[in-house]
Protein chains: 2
Amino acid sequence: MTEQIRIGIVGYGNLGRGVELAIRQNPDMRLDAIFTRREPSAIPSETKAYSIEDAERFANDIDVMILCGGSATDLPDQGPAFARMFHTVDSFDTHARIPEYFDQVDQAASGNGKVSVISTGWDPGLFSLNRLLAESILPEGKEYTFWGKGVSQGHSDAIRRVSGVKHGVQYTIPSDQAVERVRNGENPELSTREKHIRECYVVAEEGADQAAIAEEIRTMPNYFADYDTTVHFIDEATMKAEHRAMPHGGLVLRSGRTGESSTQIIEFGLKLDSNPEFTASVLVAYARAAYKLAREGQSGAKTVFDIPFAYLSPKSGAELRRTLL
Amino acid sequence: MTEQIRIGIVGYGNLGRGVELAIRQNPDMRLDAIFTRREPSAIPSETKAYSIEDAERFANDIDVMILCGGSATDLPDQGPAFARMFHTVDSFDTHARIPEYFDQVDQAASGNGKVSVISTGWDPGLFSLNRLLAESILPEGKEYTFWGKGVSQGHSDAIRRVSGVKHGVQYTIPSDQAVERVRNGENPELSTREKHIRECYVVAEEGADQAAIAEEIRTMPNYFADYDTTVHFIDEATMKAEHRAMPHGGLVLRSGRTGESSTQIIEFGLKLDSNPEFTASVLVAYARAAYKLAREGQSGAKTVFDIPFAYLSPKSGAELRRTLL
C-alpha cells in the first residue's frame, strides 16, 4: 500500500460512528477528520473533530468526504454544498426526491471537477442494484421488495407520539407466507396487509390506559391501519435489555419467465445485526469508488447504477479475475 | 425505439436456442443471423442460418455476436477469432483459465477496436458479482457458494460412463443444514461432504447388476467418493417424464462482522427452471452493455466486474434513478 485514501466524516451520529469503525477494516484508507455541528471537543472519538464551518480549509487534505447526515434536513443542504469542495459519498434515501437531489449535486460537483456518489446504502443502494440487474435479465417478470425483520425509525417515532407512551419500538416483519408464494413462482398480487406485519413494543406511562394506546396505534392511518399490527406492553428494563439494537434487512425478489414456460427466480437478501454499521460499510466501499473515479478524471453525480463493482475493491482487475470471477 | 441492436448467434445448442428466445423479450434488439458448424439448412429456426465460415462477411451487419459454444473446445478458438471481427459476449466458464482467456480476447479485441464481454452467465457471472460486492462491503468475513438443486452435466456424464448404465442424471443439492448454519452467522468450516449431497437417477441396461452400478458410482473418485451420494434406479419412461428439464441454481452467502460484534449476512440466490435459458438471458443483457460500451468508443475485453449495471438496461439514467433507485 503506497498511499492511503484520506477520508473525512461529516456528522457523527450512528452512521458516522459506523463509518469510523468500517474504515478500520480497510487498510487502504484512513480517517483524518470528523466535522460536526456540535461542540467538536464533545465528540467521543480518537479522531480529531472540527466544526463543520471549518471543513473548507481541508479541501486539499481530504480525498473523499462521507456525508453521514439525515435525508430530511441535513443532506439537501450539505450534499450540494460539500460537492463543490470535495469528492463525496452519501446515503440520501428519500426515494421520491432522488432525481431532484441528483441534479443539484451533479451541478455542484460537475462545475468543480468533483465526483459525488449519492444514495448509496442498501435501499436505495444494494436493493436498487438488484432490482435493476434482475429486471434487465428477466424483462418479463414481477419484482417484490420485502423489508425486515427490522426497526423502522419512522414508525417507532409515530408510536412515541401517542399520548401515554413513554418508549416505543416498531419492527417491520415480512410475511413468511407472502415470501414463500413469491419463491414458489406464483407471481401473486400482494396487498399491503399481506406483505408485512408490524410488531410494536411499548413502555406505557404509569397509569396510562393500555387498551386505548393499543387501539390508537393499530388504527393510526398511513402507519398502522393498513397492516396487521400487534402491540406488546413491556417494562422499561425489558425495553433496554432487548430492544436497543438496530437490526434490519429484507429481500428483493424477481420472478420471471423465459422461453415458453420456465420460471426463474432471482433473490437478494440482507440480515443485519446493525443497520447503521452495514450502511456505513457500503458508504466506505463507495468512497473507494469515488476516489478511483476521480483519479480517472471523471466528475459529476453518480449513483450505484453508474459504477462497476471493480471500483469498490482495493484489488486489481487481474487479481479480481483470478480470485473472484 | 429508433434503432434495434442487431444480434448474431454463433452455435445453436441449448444456449443458442435460449438466446434466440431471450431476444424476443427485448424489443430494442433483433436476431439477424445464426452461424453454425452444422449444415445451415438443418437449423430448426425461423432466423436464417449460415455456415460459421461465412461470418466475416457480416462484419458490417451484426452489432454484437453472442458466442454460444462450449468452454472446453469451442470458445478458446472462437473467442479470440470473433473478437477480431465483432463486438462479442460469451459465457466462458473454465474458472482456472479465465485470466489466460481474458488476455487472448483482450489482445484480439483491443487491436481491432472491438468490445468483448467474457465469462458472463451466473457462475462465472452473477455469482462472481455478488462475491465481489459482498467482499468489498464486508472485508472481515467468510464467503460460501452453494450450487443446486440442479443437474450437473459433468457428473451426469460420469454416471453414463459406468458399465451397465443406459441413462443417468445427477443432481447437486446444497445441504439445508449447512446453509442454515451460514445464515445463522456461525461462520462454519464446511467440508466438501458437508456442503452438498449428490442424487443420481439411473436407468440400468437390461440384466445389469444394480448393486454393482450403485457401488461403482458412490465410490468414484473426484466425482462422488467425497460426497454423500444416493443412487435411484428408475425406468426409461420415468427418466423421460421427470428428468428432462435442466433446473439449476444456488446461493452465494457472505457472513461478515462490523463494529465490535455485529454479524451481517448478504445472500444472493437463484432458483432456475432452465439453466441454459437463464444463462442466455444474462448473455443478452450483456450484449446490450457491449453495444453501449462500443458506442462510447471503448474497446478490449471486459468482465462483469467492469460494467455498470445501467449499461444492462434499455432505460435512460434519469428513468432508472426515478423508477428503480
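Here the range A:189-203 is the region considered, the condition is being aliphatic (A, V, I, L, M) and touching a strand residue (DSSP E or B) at 6+ places or on another chain (Cβ under 6 Å), and the residue that is farthest from A:Gln170 (Cα to Cα) is A:Val203. Might you check whether a residue that is modelled with pLDDT under 95, under 24 Å from the mean Cα position of the chain (by Cα) and not hydroxyl-bearing (Ser, Thr, Tyr) occurs anywhere in the range A:194-216? No, every residue in the range A:194-216 fails to be modelled with pLDDT under 95, under 24 Å from the mean Cα position of the chain (by Cα) and not hydroxyl-bearing (Ser, Thr, Tyr). Taking the numbered list (1) polar (S, T, N, Q); (2) under 30 Å from the mean Cα position of the chain (by Cα); (3) buried (at least 19 other Cβ atoms within 10 Å of the Cβ) in turn, A:Asn222 passes all entries but (3). Residues in the range A:309-323 that are assigned to a loop (DSSP other than H, G, I, E, B) and open to solvent by 10 Å² or more (accessible area, probe 1.4 Å): A:Pro314, A:Lys315, A:Ser316. If the condition is being touching a His at 6+ places or on another chain (Cβ under 8 Å) and away from every other protein chain (no Cβ under 11 Å), then the range B:294-325 contributes only B:Ala294. Any residue that is part of a strand (DSSP E or B) and touching a Leu at 6+ places or on another chain (Cβ under 8 Å) - is there at least one of those in the range A:166-186? Yes: one or more hits. Just wondering, is there one or more residues in the range B:74-81 that are assigned to a helix (DSSP H, G or I), surrounded by 21 or more Cβ atoms within 10 Å (Cβ to Cβ), in contact (Cβ under 8 Å) with a residue 40 or more places away in the chain and more than 17 Å from the chain's Cα centre (by Cα)? Yes, because at least one residue in the range B:74-81 is assigned to a helix (DSSP H, G or I), surrounded by 21 or more Cβ atoms within 10 Å (Cβ to Cβ), in contact (Cβ under 8 Å) with a residue 40 or more places away in the chain and more than 17 Å from the chain's Cα centre (by Cα). Taken together, B:Ala109, B:Ala158 contain a single residue that is more than 30 Å from B:Glu206 (Cα to Cα), touching a strand residue (DSSP E or B) at 6+ places or on another chain (Cβ under 9 Å), touching a residue at least 40 places away in the same chain (Cβ under 8 Å) and open to solvent by less than 10 Å² (accessible area, probe 1.4 Å), which is B:Ala109. Here the condition is being within 25 Å of A:Leu293 (Cβ to Cβ), of a type in the set (A, V, I, L, M) and without any contact (Cβ under 8 Å) to a residue 60 or more places away in the chain; of A:Ile23, A:Ile9, A:Ile5, A:Ile43, it holds for A:Ile9 alone.
Listed by position, the strands (runs of 3 or more DSSP E) contained in the range B:82-150 that have at least 3 residues being under 27 Å from A:Thr120 (Cα atoms) are B:141-147. Scanning the range A:247-270 for residues that are open to solvent by 60 Å² or more (accessible area, probe 1.4 Å) and in contact with a Pro (Cβ under 8 Å, 6 or more places away or on another chain) gives no hits. Filtering the range B:51-73 to residues that are in a strand (DSSP E or B) and open to solvent by less than 10 Å² (accessible area, probe 1.4 Å) leaves B:Val64, B:Met65, B:Ile66, B:Leu67.
For the range A:227-255, the candidate set comprises residues that are within 24 Å of A:Trp122 (Cβ to Cβ) and out of contact with any Phe, Trp or Tyr (no Cβ under 9 Å at 6 or more places or on another chain); within that set, the residue that is farthest from the other protein chains (Cβ to nearest Cβ) is A:Tyr227. Looking only at residues in the range B:112-126 that are closer than 22 Å to B:Leu293 by Cβ and either touching a Pro at 6+ places or on another chain (Cβ under 7 Å) or within 11 Å of chain A (Cβ to nearest Cβ) (or both), the one that is most open to solvent (accessible area, probe 1.4 Å) is B:Trp122. Of the residues making up the range B:83-106, those that are among the hydrophobic types (A, V, I, L, M, F, W, C) and open to solvent by less than 10 Å² (accessible area, probe 1.4 Å) number 6. The residue that is farthest from the chain's Cα centre (by Cα), counting only those in the range B:256-287 that are among the β-branched types (Val, Ile, Thr) and at the interface with another protein chain (Cβ under 7 Å from one of its Cβ atoms), is B:Thr258.
The values are calculated or read from the model by the stated rules, or taken from the named source; none is laboratory data. This is a predicted model, so every value here is computed, not measured. Counting neighbours? That spans all protein chains shown, and the Cβs are built from the backbone with ideal geometry, glycine included. Only protein heavy atoms, including side chains, enter the accessible area calculation; ligands, DNA and RNA are left aside. Shrake-Rupley method; radii C 1.70, N 1.55, O 1.52, S 1.80 Å.
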